[in-house]
């Protein structure tokens, strides 16, 4: 959901135990089409990748977080990647990573996690426009 308050666009993600991770990813991607969320099993060791830690997006939230029946999180375009990932972890016990579209690949945003969601999304949009790539569908 998206609403306007104090001149800022505020976004919310409503989640419940029966929802698939794919649905949450789709809702987030609707706000930021050049970004995507990946749910991961646990924090990785420094220097290792995320590929083997990503949870399939057809899983329900209840598979990875058994304590929460329903939840809603709020953020805006000025929220940094690090802040968003911390909200998921601290408030909901869910490990997520934000990825940004870079040409034809998705890059994890670890090195730019202090950038806002808007800045990350615009970086992806700018590169896609430069390379004449359509916005991502997944």
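Would you check which residues across region 60-77 are surrounded by 15 or more Cβ atoms within 10 Å (Cβ to Cβ) and closer than 11 Å to residue 11 by Cβ and list them?
Within region 60-77, 73, 75, 76, 77 qualify.
Residue by residue through region 33-62, note down the ones that are assigned to a loop (DSSP other than H, G, I, E, B) and at pLDDT below 75.
Those that are assigned to a loop (DSSP other than H, G, I, E, B) and at pLDDT below 75: 42, 43, 44, 45, 46, 47, 48, 49, 50.
Please determine whether any residue of region 123-138 is modelled with pLDDT of 80 or more, in contact with a strand residue (DSSP E or B) (Cβ under 8 Å, 6 or more places away or on another chain) and in a loop (DSSP other than H, G, I, E, B).
No, there is no match, as no residue in region 123-138 is modelled with pLDDT of 80 or more, in contact with a strand residue (DSSP E or B) (Cβ under 8 Å, 6 or more places away or on another chain) and in a loop (DSSP other than H, G, I, E, B).
Does any residue of region 11-30 turn out to be closer than 30 Å to residue 129 by Cα, part of a strand (DSSP E or B) and either in contact with a helix residue (DSSP H, G or I) (Cβ under 8 Å, 6 or more places away or on another chain) or modelled with pLDDT under 85 (or both)?
yes
I'd like the residue in region 15-30 that is closer than 19 Å to residue 101 by Cβ and in contact (Cβ under 8 Å) with a residue 40 or more places away in the chain and, out of all such residues, is surrounded by the fewest Cβ atoms within 10 Å (Cβ to Cβ).
The extreme case among them is 29.
The values are calculated or read from the model by the stated rules, or taken from the named source; none is laboratory data. Here the structure is a predicted model, which is why all the values come from computation and not from measurement. We place every Cβ from the backbone using ideal geometry, glycine too, and count neighbours over all the protein chains shown.
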